[in-house]
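Worksheet: one structure, shown below.
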Amino acid sequence: MSREAGLAVITGLLAGSGHVPTAQWWNNLLDGVPNSVRRPEVLDTLARWLDVDARYFTHTDRERDDRIEAELDLYRALREIHARLMDAGIQGGREVTARLIQELTAILHKHYPTPRR
C-alpha cells in the first residue's frame, strides 16, 4: 500500500478519536521517528490495524524489537523476490527455471539467514 493510501485508511480508522493524521505525522511514523505517536488510543488503533502489540511503538523490549526487525528483513526479502519474479516476466507466462529459484533462495538467505541441513 502506498503512503497516501495508508494515510487515507488510518484517517478513517482514527475518525472520532480527536486525532487528525497529517501527511507529516504519517511519514514520521512510517520512517520510525521516535515518539511519533503519544496518545494511547491512537497507539491501540494503529496496533490493531497493523496486528502488532501496541508496546512495539514504545521500543521498550529489545528481544521483541530484534524479532520484529528480523520479520521486517524477511518481508523486505519477499518484496525483492516478488520484484524479481515480475522482472522475469512470470506474469507473462515465462517458465520458472531452477536458476531463478536458486537466485530467489539466495535472496532469502541473505536477508533472513537460516541454518542449512
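The values are calculated or read from the model by the stated rules, or taken from the named source; none is laboratory data. Owing to the predicted nature of the structure, the values given are computational and were not obtained by experimental measurement. Because the Cβ atoms are built from the backbone with ideal geometry, glycine has one as well, and the counts that use them run over all protein chains shown.
In the stretch 11-22 there is no residue that is under 22 Å from residue 79 (Cα atoms), surrounded by 12 or more Cβ atoms within 10 Å (Cβ to Cβ), without any contact (Cβ under 8 Å) to a residue 24 or more places away in the chain and out of contact with any Cys (no Cβ under 8 Å at 6 or more places or on another chain).
Within the stretch 39-50, residues that are among the basic types (Lys, Arg) reach partners that are not in a helix (DSSP H, G or I) with beta carbons closer than 7 Å, at six or more positions or on different chains, in the pairs 39/19. Only a single item in (1) more than 15 Å from the chain's Cα centre (by Cα); (2) surrounded by 12 or more Cβ atoms within 10 Å (Cβ to Cβ); (3) at pLDDT below 80; (4) of a type outside the set (Asp, Glu) is not met by residue 68, and it is number (1). Every condition in (1) modelled with pLDDT of 85 or more; (2) touching a helix residue (DSSP H, G or I) at 6+ places or on another chain (Cβ under 7 Å); (3) surrounded by 15 or more Cβ atoms within 10 Å (Cβ to Cβ) is met by residue 81 except one, and the failing one is (1). Annotation note: of 52, 37, 42, the sole residue that is surrounded by 14 or more Cβ atoms within 10 Å (Cβ to Cβ) and modelled with pLDDT of 80 or more is 42.
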